[in-house]
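Contents: one structure, followed by commentary.
The values are calculated or read from the model by the stated rules, or taken from the named source; none is laboratory data. Note that the structure is a prediction, hence the values are computed from the model and not measured. With ideal geometry, Cβ positions are generated from the backbone for all residues, glycine too; neighbour counts draw on all protein chains shown. Just the protein is used for accessible areas: all its heavy atoms, side chains included, with ligands, DNA and RNA removed. Shrake-Rupley method; radii C 1.70, N 1.55, O 1.52, S 1.80 Å.
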Amino acid sequence: MTDPGWPAVLSHGAVTLRPLDRTDAKAWTEARRRSATWLHQWDATVPPGSSARPTTFASLVRRLRRQAKRGVTYPFAIEVDGVFAGQVTVNNIVRGSAQFASIGYWIDQSFAGRGVMPLAVALVIDHCFTTARLHRVEICIRPENSNSLRVVEKLGIDEIGYAPRFLHIDGAWRDHRIFAITVEECHQGMLARLGLSPE
């Protein structure tokens, strides 16, 4: 059965989200290098004794494509005026009685503070609730990550809990604040929460 949510291209103004592709290798690598110090403390790491994560961009894209084909991940590249700016990934998609997913994101530091990430996350959540027909979306954020917390604040997504030692980040198990929204809470769509209309 074809997943109605993938592949997809989403856009509003100068911001476009599209499937992450092998051709993004150079731009992705340069963005991560430029922003390495800024992003490092928020990056997921592999706990001792776990299988290794992909070590090249090509292997990362292959893994994400396999997951997308199985309908469990939607890996979006973010572009601003055609320039690669970051990534939003819909993870852990669960169908059946749950119809649930979680969202993770990162942005090139040179694009930060311009409203790109709140817009990108809003587009993705609207897509999840409409085309992909999910019911609930969750975003888990380290308490110290003020930039990511600002995204959910701008979007008016409520905090629903706290998860001690939730994810292995930057070399250790880290606590996370949990934010979530359901389709019933979002009648007008997430873009409307930013004062925007669909294009």
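Here the relative contact order of the chain, from alpha carbon pairs under 8 Å that lie six or more residues apart, stands at 22 percent. Beta-bridge orientation, the stretch 1-156: approximately 90 percent antiparallel, per DSSP, counting only bridges with both partners inside.
For a Förster distance of 22 Å, can you work out the FRET efficiency between the beta-carbons of R22 and V83, rounded to the nearest 0.05? The value I calculate is 0.80. Residues whose amide H lies under 5 Å from that of F76, counting only those 5 or more places away or on a different chain, are L20, V88, T89, V90; hydrogens are built 1.01 Å from N in the peptide plane.
Rounded to 0.05, the FRET efficiency of the L196 and D43 pair, given R0 = 25 Å and the Cβ-Cβ distance, is 0.25.
When you filter the trypsin sites (Lys or Arg not before Pro) in the stretch 91-197 for DSSP loop state and at most 16 other Cβ atoms inside 10 Å of their Cβ, you are left with R95, R114, R133.
Mind checking the per residue accessible area of the stretch 1-87 for me, 1.4 Å probe, whole number of Å²?
Result: 57 Å² per residue.
With each label modelled as a point 7 angstrom along the Cα→C-beta vector, the R66-S146 pair spans 4.1 nm. Each listed q (0.09, 0.15, 0.18 Å⁻¹) maps to a log10 I(q)/I(0) for the chain from the Debye sum over equal C-alpha point scatterers, namely -0.31, -0.96, -1.49. Within the stretch 66-150, the GluC sites (Glu not before Pro) that combine a DSSP coil assignment with at most 13 other C-beta atoms in a 10 angstrom radius are E144.
Once amide H atoms are built 1.01 Å from N in the peptide plane, which residues 5 or more positions from L167, or in another chain, come under 5 Å H to H? Result for L167 returns R174.
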